[in-house]
Amino acid sequence: MPHILLPPGWNGRERDVTDPGVYQHRRAFLRQLGLGTVGLLTAGSALGCAREVAPGASATPEGPLDTIPSNAPRDGYPAPRDARFTVERAATDRLSASSYNNFYEFIGDPSDIKKVWPYTGDYEPFPWTLRVGGLVEHPFEIGLEDLFREMGLEERIYRFRCVEAWSMVIPWTGFPLRKLIDRCRPLSTATHVRFISESRPRQMPGVRTQPWYDWPYYEGLRLDEATNELAFVATGMYGEPLTKQNGSPLRLALPWKYGYKGPKAIARIEFVNEQPATFWNDLQPSEYGFLSNVNPNIPHPRWSQASERFIASASNVNRVPTELFNGYGEWVADLYPDEPREPTRPIAR
């Protein structure tokens, strides 16, 4: 998410979604959205309001909640919530989280890169096969419906922090990455995990229009990071499968790291014996390090990371201090004894 421009203000409550009356008149609503006004209703009574896009649909979706693939597996939704993962802030409302995001593979208008959903109409994620291999005892390929059934699903509410100093709180559905790692049993020589996203030029307009990027998107973690209890494979959000613009069919949620460390539409996972190259670090190593932990003491070369704009809804944004490791120090601080605990200079590589 390195180059998103923050739109005018936002705010809302946990699992808020669009009011059904507004949703039924979506074209008028989208005009209102540009003015920053949104009608809200708690998700407990309206989570099912999002329409699904049928396979093969090529028309522009009518709105950001119209992009859940109709053939996305739904067994296990809504998933039980893991009460260990709570956040003191109210969750960002569903419409805001689905309409203000980034997925470079779908950027259609470079002047408005935050608006991803209008360009997802041709994308057909399912059926989907995940491939896991490299330095493991048991490499495998598996369809996602079988994978989700085997792993089991739960819900976790996590903070989300973008490198551009804005943040959200998202209720993700998915399973711990460690469960998948246990399934393939990495060899003792494996030190890192590499993730490769899907790249479909015919379905992803950004892949066609931005050939200067080295597609497909690729990211990496140390093995101790990947097996940390926080590392989460997200298959859904707000009690339903992921929308296309939010990374359908599965993505990583790493709440102690900046958002671009969580690749979307993951197609392959490889276990390797050295630190893998990563997409943004290869492009701008002085701005985007391999670790990329949320740390207010390490400024980006072009802006401070000491505070962030918390997006709660389409009518309110609050600026709040940024916490070390995004507030997840009790889970991950021991992994990074050398991470600066006091203000320092930008990374230099």
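Computed from the coordinates by the stated procedures, all read-outs in this text should not be read as laboratory data. Just so it is clear, the model here is predicted, and its values are computed rather than measured. Note that we place each Cβ from the backbone using ideal geometry, even for glycine, and neighbour counts take in every protein chain shown.
Brief remarks follow.
- For the pair Arg319 and Phe126 in one chain, pulling the backbone fully straight at 0.36 nm per residue adds 65.6 nm over the alpha carbon distance.
- Between Ser304 and Glu141, the simple spin-label model (points 7 angstrom out along Cα→Cβ) gives 5.2 nm.
- Paramagnetic reach from Asp224 (point 7 Å along Cα→Cβ, amide N under 19 Å) across segment 285-319: 290-295
- Subtracting the Cα-Cα distance of Glu274 and Thr60 from 0.36 nm times their residue separation leaves 72.8 nm of extension gain.
- Note on Gln284 and Ala333: their simple-model spin labels are 3.0 nm apart, each label 7 Å out from Cα toward Cβ.
- Label-zone membership for segment 140-156, site Asp75, 7 angstrom Cα→C-beta point, backbone N under 16 Å: 142-154
- Cα-derived Rg to Rh of segment 238-349, Kirkwood definition: 0.98
- Relative packing of 154-166, 273-285, which averages over residues the other C-beta atoms within 10 Å, highest first: 154-166, 273-285
- Amide H within-cut-off set for Ile68, under 5 Å, with H built and near neighbours excluded: Val53, Lys244
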